[in-house]
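Novice: The structure that follows is given in the form of structure tokens.
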Amino acid sequence: MTIDRSGTPLVEMRNMSISFGGINAVDDVSVDLYPGEVVGLLGHNGAGKSTLIKMLSGAYKPSGGQIFVDGNPVQIHSPRDARELNIETIYQTLALADNLDAASNLFLGRELISPLGFVDDAAMEAETRKIMGRLNPNFRKFAAPVSALSGGQRQSVAIARAVYFNARILIMDEPTAALGPHETQMVAELIQQLKAEGIGIFLIDHDVHAVMELCDRASVMKNGKLVGTVDIPDVTDDDLLSMIILGKKPGEDANAD
Amino acid sequence: MSDASQATTQTKRSFVQSLELDMRLMGMIGAFILIAVAFNFITGGNFLSPRNIFNLTIQTVSVAIMATGMVFVIVTRHIDLSVGAVLAICSAIMAMTQARWLPGLGIDLGSPLIAPIAILIGLAVGTLIGAFNGWLIGYQGIPAFIVTLGGFLIWRYAGWYLTQGQTIAPLNETFILFGGSEGTLGEALSWVVGILAAIAAVYGVWAARQSRIRHEFPTKPLWAEFSLAGIAVVAILGFVATLNAYSIPKGKLRRMFEARGEVMPDGFTQGHGLPISVLILILVAVVMTIVARKTRLGRYIFATGGNPDAAELSGINTRLLTVKVFAIMGFLCALSAVVAQARLQSHANDIGTLDELRVIAAAVIGGTALSGGAGTIYGAILGALIMQSLTSGMGMVGVDSPLQNIVVGAVLVFAVWIDIQYRKRTGIK
Ligand SMILES: Nc1ncnc2c1ncn2[C@@H]1O[C@H](COP(=O)(O)OP(=O)(O)OP(=O)(O)O)[C@@H](O)[C@H]1O
Ligand SMILES: [Mg+2]
């Protein structure tokens, strides 16, 4: 399946910059994403991948650059703003409240409310059972706080939270880091399914093979800068690896600086 | 251990399990019963006399009210060392309002307007001070420990300047009704309240079950639901019966009749019944429990305590939340000031001294984790009751007050140690 990139992109992040204490964590990086497309973000540890997408999810305020959604410039000042634009994020740290159960975490910040204005725990648990039945049918621990869950179970709660609210733009920061092979395969299938529904996905992953398999394009970062964006069908695993390690696009002279 | 006894422990466990009782709560109730029975034995039945239970309850109210607010403060990983001082300044302002300022405006101390105006002003001041603390903590980033340590020194002595250090008395008659023994519902009304509460408890159990059935979730066995509801009903009605059994002294009754221009019939007796202050505490407990469990505010308080970053990333405004939590704390300090001042029937500058420590200890004994994210309203109230029982029990037995403090301090540390052991065993964070 090829992606139609003739229209306006779903998201465009143009010339994004941010620095922490004088260090440029992200320096003039531009990436974009079309409907139904999966764009991989690659780079070594500390390259700035998480920081880049946190500017899209409202966790960080950029010091420079502009974000467009459907071609319109948008201001994302908080996670709430991002959620209103149907941007959902699975954070690398999962961002779950350990002391609450799966349902409370899934609906955190967007609780279902009964007619009397109280949080409707029973309804939220029912919805959680439904979506978990789809994502992770073995999941049973609905009454336990998520601190009592395994890494993979926690991951499936975080994924369920992002998927449940009809995301149009989904950010997945190492979604399979804590998962076994079977669960990793389920996430891969989920990505295919969401892609078919026209959702755009930014996928951060250290596994080059997974990126080759799941992504349509890949953007590689090094030391806060964008090395380049390539079409996956045009490159090999080795091309991507050398981009990550050497910081050069394939065909570029590795010595030129 | 023989096979037979092992079998019994196993059935016992499944019995307790099917009740799905909160083990921590059971532990606290067990500790409380142990303390009460021990003191009752030593004092030859005086500790559990209706009269002492009545006094114990009204002495607990002020600290218990504040302890419910302290639960929210500690759950969000903060602390409030200023509650005794905030209580003092609210008390000073309410005393000055009723005894000096309003009379200065031509509304004399006997006017029916005095109590409501004084109370409203007090509650407003408490809420504002709390909100201001919350703003300094949430928006200015000053640690709660520092802000409220400052407040600990500031507010009590701000109150001192208002009253010039004088003790203010007498207070308005209506105002004094909120203190305890002067303002009780009497026997009949107490039964009405008790029966309504019992019906509410049964309805609560039933509604929770219906909701689980509606969503096809697993439910407890019927007999377990019946036992739970039964225990609640017996506890509520037993409490009312005990307070009703404490008769109003003859002299006071006669004066009450005289005030109405009647003559007291021979042999007339009347029980105290529920004190208004206890009714206020029950109301606070119910409202705070609903806030904690059933509202977004409560959900966000616990989420923020469990993982502040996750809360922030979920779109929760944790700064504003801090302001709200401390505003609630301030409001409850003012409410406690009403009860404490009315009970003492005067305002003195040392009112509420050391209350910050009692309140924090009550919340912590009640299972509120200082690491944040965990705590219950009923736990804090039970914690306050346990502390007050220890203090009054030791007083009745004749333990001198330095030793009393040593025991209370040791109990605090011991309770937290038990709690840590319990969490380790059960794997709860
Ligand atoms: N809140 C912060 N404060 C200070 N420095 C930060 C902060 N967040 C990120 N950084 C720095 O920015 C740089 C990029 O970090 P980032 O988390 O984006 O890396 P990453 O590409 O996601 O790495 P990984 O693959 O290890 O997740 C790092 O040098 C990091 O130390
Ligand atoms: Mg990262």
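Novice: To the nearest 10 square angstrom, how much accessible area does residue B:255 have with a 1.4 angstrom probe?
Specialist: Solvent-accessible area, nearest 10 Å²: 150 Å².
Novice: To continue, here is another question. Convert each backbone phi in the range B:168-175 into a coupling constant with the Karplus relation 6.51 cos²θ - 1.76 cosθ + 1.60 (shift: θ = phi - 60°), then list the ³J(HN,Hα) values in order as whole Hz, x for Gly and Pro.
Specialist: 9, 6, x, 9, 4, 4, 5, 4
Novice: Using a probe of 1.4 angstrom, how much of the accessible area of the range B:381-429 is carbon and sulfur, in percent?
Specialist: Numbers: 2010 of 2840 Å².
On the range B:381-429, the fraction of accessible area on carbon and sulfur atoms equals 71 percent.
Novice: In the range A:128-213, what percent of the accessible surface is made up of carbon and sulfur (1.4 Å probe, ligands and nucleic acids excluded)? Provide the component values of the computation, followed by the final result.
Specialist: Details: 1920 of 3710 Å².
With neighbouring chains kept in place, the figure for the range A:128-213 is 52 percent.
Novice: I'd like the residues of the range B:203-219 whose 1.4 Å-probe accessible area shrinks by no less than 40 Å² going from the isolated chain to the full set of protein chains.
Specialist: Listed by number, the residues meeting the 40 Å² cut-off are B:215, B:217.
Novice: Same structure, new question: Roughly speaking, what is the centre-to-centre gap between the range A:57-108 and the range B:162-189 when only Cα atoms are used, to the nearest Å?
Specialist: Cα centres, the range A:57-108 to the range B:162-189: 53 Å.
Novice: Once the piece of chain linking residue A:209 and residue A:72 is laid out straight, how much longer is it, given 0.36 nm per residue of separation minus the C-alpha distance between them?
Specialist: 45.9 nm
Novice: If you don't mind, there's one more thing I want to ask. How large is the charge dipole for chain A, taken about the Cα centre, if only the Cβ atoms of Lys, Arg (+1) and Asp, Glu (-1) carry charge, to the nearest 20 debye? Don't skip to the end; give the middle numbers.
Specialist: Values: 22 positive and 34 negative charges, 141 e Å.
Value, rounded to 20: 680 debye.
Novice: Are any of the pairs A:130/B:324; A:225/A:249; A:225/A:248 more than 23 Å apart by Cα-Cα distance, and if so, which?
Specialist: A:130/B:324, as the Cα separations exceed 23 Å there.
Novice: Amide H neighbours of residue B:271 under 5 Å, counting only residues 5+ apart in sequence or on other chains, H built in-plane at 1.01 Å?
Specialist: B:187, B:248
Novice: Just the number: Rg to Rh for the range A:48-91, Cα atoms, Kirkwood Rh, two decimals.
Specialist: My calculation puts Rg/Rh at 0.92.
Novice: What does the average come to when, for each residue of peptide B:296-307, you count the partner chain Cβ atoms lying within 10 Å of its Cβ?
Specialist: Partner Cβ neighbours, averaged per residue: 5.
Novice: Keeping all protein chains in position, work out how much accessible area residue A:206 exposes to a 1.4 Å probe, and write it in Å² to the nearest 10.
Specialist: Surface accessible to solvent at residue A:206 totals approximately 80 Å².
Novice: When a/c is below 1.5 the answer is rounded, else prolate if a/b is larger than b/c, else oblate, so apply that to the range A:16-95 with a ≥ b ≥ c taken from the square roots of the Cα gyration tensor eigenvalues.
Specialist: On the way: a/c = 1.37, a/b = 1.26, b/c = 1.08.
Rounded is the answer for the range A:16-95, as its axis ratio a/c remains below 1.5.
Novice: Another question about this same structure. What do you get when you divide the Cα radius of gyration of the protein assembly as shown by 2.2 N^0.38 Å, with N the number of residues? Display every interim value, and only then the final one.
Specialist: Working: Rg = 30.9 Å, N = 686, 2.2 N^0.38 = 26.3 Å.
Normalised by 2.2 N^0.38 Å, the Cα Rg of the protein assembly as shown equals 1.18.
Novice: Nearest-5 percent of antiparallel DSSP beta bridges in the range A:170-257?
Specialist: Taking every DSSP beta bridge within the range A:170-257, about 60 percent pair in antiparallel fashion.
Novice: What are the residues whose amide H is under 5 Å from the amide H of residue A:228, where those residues sit 5 or more places off or on another chain and H is modelled from the backbone?
Specialist: A:220
Novice: Follow-up question, since we're still on this one. What shape does the range A:80-128 take by its C-alpha gyration tensor, where a ≥ b ≥ c are the square roots of the eigenvalues and a/c under 1.5 counts as rounded, a/b above b/c as prolate, and the rest as oblate?
Specialist: It comes out oblate by the Cα gyration axes.
Novice: Label-point separation (nm) for residue B:399 and residue B:167, each offset 7 Å from Cα along Cα-to-Cβ?
Specialist: Result: 2.8 nm between the two label points.
Novice: Something else: What are the residues of the range B:399-429 that lose 10 Å² or more of accessible area, with a 1.4 Å probe, going from their chain alone to all protein chains?
Specialist: For the range B:399-429, once contacts with the other chains are taken into account, B:429 lose 10 Å² or more.
Novice: Oh, and also: Rounded to the nearest 10 Å², what accessible area does residue B:23 have for a 1.4 Å probe in the complete protein model?
Specialist: Spelled out: residue B:23, probe radius 1.4 Å, area about 100 Å².
Novice: Under a 1.4 Å probe, what is the accessible area of the range A:170-251 per residue, stated in Å²?
Specialist: Per-residue value: 44 Å².
Novice: Between chains B and A, what is the buried accessible area summed over both chains (1.4 Å probe, protein heavy atoms, nearest 100 Å²)?
Specialist: The contact between A and B buries close to 2100 Å².
Novice: Determine the percent antiparallel among the DSSP beta bridges restricted to chain A, to the nearest 5.
Specialist: Of the beta bridges lying entirely in chain A, close to 60 percent run antiparallel.
Novice: At a 1.4 Å probe, what is the % contribution of carbon and sulfur to the accessible area of the range B:145-188?
Specialist: Roughly 65 percent of what the probe reaches on the range B:145-188 is carbon or sulfur.
Novice: Per residue, how big is the convex hull around the C-alpha atoms of the range B:23-143? Give it to me in cubic angstrom, could you?
Specialist: Hull volume normalised by residue count: 159 Å³.
Novice: Shifting gears a bit: Shape call for the range B:322-400 from the C-alpha gyration tensor, a ≥ b ≥ c root eigenvalues: rounded (a/c under 1.5), prolate (a/b greater than b/c) or oblate?
Specialist: oblate
Novice: Here is a follow-up. Can you list which of the GluC sites (Glu not before Pro) found in the range A:154-257 are DSSP loop residues with at most 10 other C-beta atoms within 10 Å? Spell out each step's value before the answer.
Specialist: On the way: sites: A:183, A:189, A:197, A:213, A:252; in loops: A:197, A:252.
Nothing satisfies the criteria.
Novice: Here's a follow-up. Averaged over every viewing direction, what's the projected area of the C-alpha convex hull for chain B? Give it in nm², one decimal, please. It would help to have the intermediate numbers written out before the result.
Specialist: Working: hull surface 102.8 nm².
Hull-based average projected area comes out at 25.7 nm².
Novice: Have a look at the range A:100-121 and report residues whose accessible surface goes down by 50 Å² or more when the remaining protein chains are included, against the chain on its own, probe 1.4 Å, ligands and DNA/RNA excluded.
Specialist: A:108, A:111, A:118, A:119
Novice: What FRET efficiency comes out for residue B:263 versus residue A:118 if R0 is 45 angstrom and r is the Cβ-Cβ distance? Round to the nearest 0.05.
Specialist: The value I calculate is 0.30.
Novice: Assuming R0 = 51 Å, what is the FRET efficiency of residue B:22 and residue B:146, from their Cβ-Cβ distance, to the nearest 0.05?
Specialist: Computed FRET efficiency for residue B:22 and residue B:146: 0.90.
Novice: If one takes the longest principal axis of the Cα atoms in chain A, at what angle in degrees, from 0 to 90 and to the nearest 10, does the Cα axis of helix A:151-164 lie?
Specialist: 90
Novice: Based on the Cβ-Cβ distance of residue A:166 and residue B:241, what FRET efficiency does E = 1/(1 + (r/R0)^6) give at R0 = 41 Å, to the nearest 0.05?
Specialist: Efficiency, rounded to the nearest 0.05: 0.15.
Novice: Another question, if that's okay. Rule-of-thumb check for the range A:98-182: C-alpha Rg over 2.2 N^0.38 Å? Provide the component values of the computation, followed by the final result.
Specialist: Details: Rg = 13.0 Å, N = 85, 2.2 N^0.38 = 11.9 Å.
Dividing the Cα Rg of the range A:98-182 by 2.2 N^0.38 Å gives 1.09.
Novice: Kirkwood Rh and Cα-based Rg: tell me the resulting Rg over Rh for the range A:110-255, rounded to two decimals.
Specialist: My calculation of the ratio gives 1.08.
Novice: Using a 10 Å Cβ count of at most 16 others and DSSP loop calls, identify the longest part of chain B lacking such chymotrypsin sites (Phe, Trp or Tyr not before Pro).
Specialist: Within chain B, the longest run free of exposed chymotrypsin sites (Phe, Trp or Tyr not before Pro) spans B:269-429.
The values are calculated or read from the model by the stated rules, or taken from the named source; none is laboratory data. Predicted model only: the values in this text are computed from it and were never measured. Please note: Cβ atoms are built from the backbone with ideal geometry, for glycine as well, and neighbour counts cover all protein chains shown. With ligands, DNA and RNA removed, areas are computed over all heavy atoms of the protein, side chains included. Shrake-Rupley method; radii C 1.70, N 1.55, O 1.52, S 1.80 Å.
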